[in-house]
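First the structure, in the form of structure tokens, and then the observations on it.
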Amino acid sequence: MLRSDARDNRERVLEAARAVFAAEGLDAPMREVARRAGVGPATLYRRFPTKELLVAEAFRDQMRACYAIVDEGLADPEPWHGFAVVIQRLCELHAQDRGFTAAFVSAFPHALDLAADRARALKSIAELIRRAQDAGELRSDVVLDDVILVLMANNGIQARSTKARVAASQRFAELALRGLRAA
């Protein structure tokens, strides 16, 4: 169990790492992460001896956020609403992310068991699709690859600021959902 100051430092480091890697890419120096987190390099390296470990932990937190979004959608008693909220929130999460996930996967393909994480996420999204189709709210020809395509397209949104990117992502999600909804 970490002391409260150590836990606070860890969270600041992870938050700074996500921001630095999103803005500068994974080639950004660890010292920049430490500077932005307001900790010394020794504190950073004590918690995360390698950049790969730091990136992996930052990614784990992001995966937890994705799972929470999908789980919330599955728990919704209204299948279309649950599906729509998942699409909207995942698009927003990716808009704030600036491609961190794609960069992580290409730079550190073995840092996490991505196959298991991906399989779990895809299985849950497929269940959301099935439920919304069974309720007659989602077009019957929609398949999992269509949802993946929506998320990939959303990841390509470019804007000068996070706020503008999130706004564009929200608009894109709304347009995509209109196209996916049953007539």
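Only the coordinates and a few stated rules stand behind these numbers; no lab work does. Source: prediction; values computed, not measured. A quick note on method: Cβ atoms are made from the backbone with ideal geometry, for glycine too, and the neighbour counts reach across all protein chains shown.
A few remarks follow.
- Fraction of alpha-carbon pairs over 22 Å apart in the stretch 59-180 - percent: 33
- Label-point separation, ALA116 to LEU149 (7 Å along Cα→Cβ), nm: 3.2
- Full-extension gain in nm, ARG7 to ALA159, via 0.36 nm per residue minus C-alpha separation: 51.4 nm
- Separation in nanometres of the label points that stand 7 Å from Cα toward Cβ, at THR50 and ALA23: 2.7
- Segment ALA167-ASP76, length gained on full extension (0.36 nm per residue, minus Cα span): 30.3 nm
- Projected area, mean over directions - the stretch 1-49, Cα convex hull, nm²: 3.1
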